[in-house]
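Q: Have a look at this one before I ask anything.
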Amino acid sequence: MSEYLTTTRFSAGVWMFGRFLDRYATDGYGPAVSMIEAIRIAASVGGIESLDLNYPFWDDDATTAEVQRVLGETGIRTLAITPEIYTREFRAGAFTNPSPKLRSRAIDVIARATEVAFELGADYMKIWPGQDGFDYPLQADPRRLWELSVEGIKKIAESSPEMPFAIEYKPKEPRTHMFFSDAARTLLAIEDIGLDNVGVLLDFGHSLYAGESPAAAADLCLSRGRLIDIDLNDNFRGWDDDMTVGSVHFMETLEFLLTLKRAGWDKPWKLDQFPFREDPVDAARSSIRMLSSMLRLLDRIDLDALAAARESQDALAAQKLAHDILFGGVEGSQW
């Protein structure tokens, strides 16, 4: 492992070391994996210092004490807890469910998950209300969905003011229209929530999928002091493919990393991938190698020249600076 790899910190969602299903391969793309096994697989990657853990701990009935024990054995810490408020039970929504009973049930799941987050020393709670929203025209009153979402997030965040809550936005899937769909909409909702401990989890692939510039979305969240964490992956913009970092949108990934570095980002670079047909350990290592290389490249970019190119909005001059650090040693690069 290179020196740069050992000095750069990485984290991951534990789900990328689990079992993958889709609506076709409902029997899974591999054997069932328990949470305990997934943590051990993550540890075998090398370089992953922390994990975002689902709660409940999948279907293996692992206790918090058992998870804490295996984390201690592997030297991995808990970065975040993601409560499962997007499963079949909440197919009609969590915060926006038309049933008051199920809305209350979602709050209870998050409350218990928050207790676990404190027990495991997590940095924050990640909230991904994947079933909140609507599918058909006329199905729901947009204003009512807004009220329910703001009210739900406010209730959970008020109950634990010392715990940060990061809302992960995404335009669609599983709903055709998810409520927290892009950076601006999420920030507006956070403004209405009005609490200091609520912010954004910016997933690079979700930002692409939403038609955003991930770098611009990150800058928007940073400018309001609301960016709690990021997820790194890639896709073809038409779906949340959760591919390895930089495999498709290399230049936009480079710009995204530059935006964070210039803002003084000092948190682990977090992977969120679904390697359906690839070995998850190899996929994680591929992303870590790519991230390490890209961050090393960014150490060489002429920031003053980039600032000048941006001030004049000179696209080709800015692109050339990136080309120079990428292809500076290639014959003919003087052009």
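Computed from the coordinates by the stated procedures, all read-outs in this text should not be read as laboratory data. All of these numbers come straight from a predicted model, not from anything done at the bench. Here the Cβ is made from the backbone with ideal geometry for all residues, glycine too, and neighbour counts use every protein chain on show.
Q: D for the range 200-283, whole µm²/s, Stokes-Einstein with Kirkwood Rh over alpha-carbon pairs at 20 °C and 1.002 mPa s: what number?
A: Numbers: Rh = 12.9 Å.
For the chosen part, D equals 166 µm²/s.
Q: When all C-alpha to C-alpha distances in the range 86-222 are sorted into bins of 10 Å, what percent of pairs does each bin hold, rounded to whole numbers?
A: 12, 44, 36, 7, 0
Q: Between their Cα atoms, which of Lys101/Lys155; Lys154/Lys261; Lys126/Lys267 are more than 20 Å away from each other?
A: Numbers: Lys101/Lys155 15 Å; Lys154/Lys261 31 Å; Lys126/Lys267 15 Å.
Correct reply: Lys154/Lys261.
Q: Let me ask something else. With the chain treated as a Gaussian network of Cα nodes joined by springs under 10 Å, which of Gln319, Gln68, Gln273 yields the largest mean-square fluctuation?
A: Judging by the Gaussian network model, the answer is Gln319.
Q: Assuming 0.36 nm per residue, please report the length gained on full extension of the stretch Arg88 to Phe118 beyond their Cα-Cα distance.
A: Gain in length upon complete extension: 8.2 nm.
Q: Turning to a different aspect of this structure: Looking only at Gly46, Gly133, Gly199, which one moves most when the chain is put into a Gaussian network model with springs between Cα atoms under 10 Å?
A: Fluctuation is largest for Gly46.
Q: Rounded to the nearest 20 Debye, what is the dipole magnitude of the range 8-143 about its Cα centre when Lys and Arg each give +1 and Asp and Glu each give -1 at the C-beta? Please list the in-between numbers first.
A: Values: 14 positive and 19 negative charges, 60 e Å.
With Lys and Arg at +1 and Asp and Glu at -1, about 280 debye.
Q: Apply the Karplus curve 6.51 cos²θ - 1.76 cosθ + 1.60, θ = phi - 60°, to the phi angles in the range 310-316 and return the couplings in whole Hz, x for Gly and Pro.
A: 6, 4, 8, 6, 8, 4, 6
Q: Another question about this same structure. Provide, in order from the shortest bin, the percent of all Cα-Cα pairs of the range 3-279 in each 5 Å bin, continuing until the bin that contains the maximum pair distance.
A: Bins of 5 Å from zero give 1, 6, 12, 17, 20, 19, 14, 8, 2, 0, 0, 0 percent of pairs.
Q: With a 10 Å Cβ neighbour count serving as the proxy for reagent exposure, in which order, fewest first, do Leu79, Leu321 appear? Please report the intermediate quantities before stating the final value.
A: Values: Leu79 25, Leu321 17.
In order of increasing Cβ crowding within 10 Å: Leu321, Leu79.
Q: Separate question: Picking from Leu291, Ile228, Gly264, whose Cα lies most toward the positive end of the charge dipole for the range 226-296 (charges on Cβ: Lys, Arg +1; Asp, Glu -1)?
A: Sorting the options by dipole projection puts first Gly264.
Q: Can I ask one more? State the answer as a single residue: which of Ala12, Ala113, Val33 lies farthest towards the positive end of the charge dipole of the range 3-279, with beta carbon charges of +1 for Lys and Arg and -1 for Asp and Glu, about the Cα centre.
A: About the Cα centre, the residue reaching furthest to the positive side is Ala113.
Q: By counting other Cβ atoms within 10 Å of each Cβ, how are Phe20, Phe204 ranked from fewest to most? Don't jump to the answer; show the numbers that get you there.
A: Values: Phe20 17, Phe204 28.
By the 10 Å Cβ count, ascending: Phe20, Phe204.
Q: Let me ask something additional. Exposure proxy check: Tyr29, Tyr24 ranked by fewest other beta carbons within 10 Å? Can you show the working numbers first?
A: Working: Tyr29 14, Tyr24 6.
Ordered by Cβ neighbours within 10 Å, fewest first: Tyr24, Tyr29.
Q: Treating only the Cβ atoms of Lys and Arg (+1) and Asp and Glu (-1) as charged, compute the dipole magnitude of the range 3-279 about its Cα centre; round to the nearest 20 debye. Let's see the in-between values first.
A: Working: 29 positive and 45 negative charges, 109 e Å.
Dipole about the Cα centre, nearest 20: 520 debye.
Q: Moving on to the next point. Out of all DSSP beta bridges in the chain, what portion is antiparallel? Express it as a percent rounded to 5.
A: Values: 3 of 30 bridges.
Here the antiparallel bridges make up roughly 10 percent for the chain.
Q: Continuing with this model, one more query. With n ≥ 4 as the cut-off for DSSP H runs, can you work out [θ] at 222 nm for the chain, using -39500 (n - 2.57) per run divided by the number of residues, rounded to the nearest 500?
A: Values: 12 runs with 147 residues, N = 335.
Dividing the helical sum by the residues of the chain leaves -13500 deg cm²/dmol.
Q: Estimate the FRET efficiency between Asp60 and Tyr24 by the formula 1/(1 + (r/R0)^6), using the beta-carbon distance for r and 35 Å for R0, to the nearest 0.05.
A: Details: r = 25 Å, r/R0 = 0.71.
FRET efficiency, Asp60 to Tyr24: 0.90.
Q: How would you rank 138-145, 54-61, highest first, on the average number of other Cβ atoms within 10 Å across their residues? Could you put the intermediate results ahead of the total?
A: Details: 138-145: 11.9, 54-61: 16.6.
Going from most to least packed, we get 54-61, 138-145.
Q: Once the convex hull of the alpha carbons of the range 244-335 is built, what does its volume come to per residue, in cubic angstrom?
A: Working: hull volume 11.0 nm³, N = 92.
Convex hull of Cα atoms, per residue: 120 Å³.
Q: Could you give the distance between the Cα centres of the range 65-93 and the range 127-179, to the whole Å?
A: Between the Cα centres of the range 65-93 and the range 127-179 lies a distance of 20 Å.
Q: Which listed residue (Val45, Thr87, Leu148) has the Cα farthest towards the positive end of the charge dipole for the chain, taking +1 on Lys and Arg C-beta and -1 on Asp and Glu C-beta about the Cα centre?
A: Leu148
Q: Now, a different point. Calculate I(q)/I(0) for the range 32-117 by the Debye formula, one identical point scatterer on each C-alpha and no solvent, and give its log10 at q = 0.21 Å⁻¹ to two decimals.
A: Per q value, in the given order, log10 I(q)/I(0) is -0.96.
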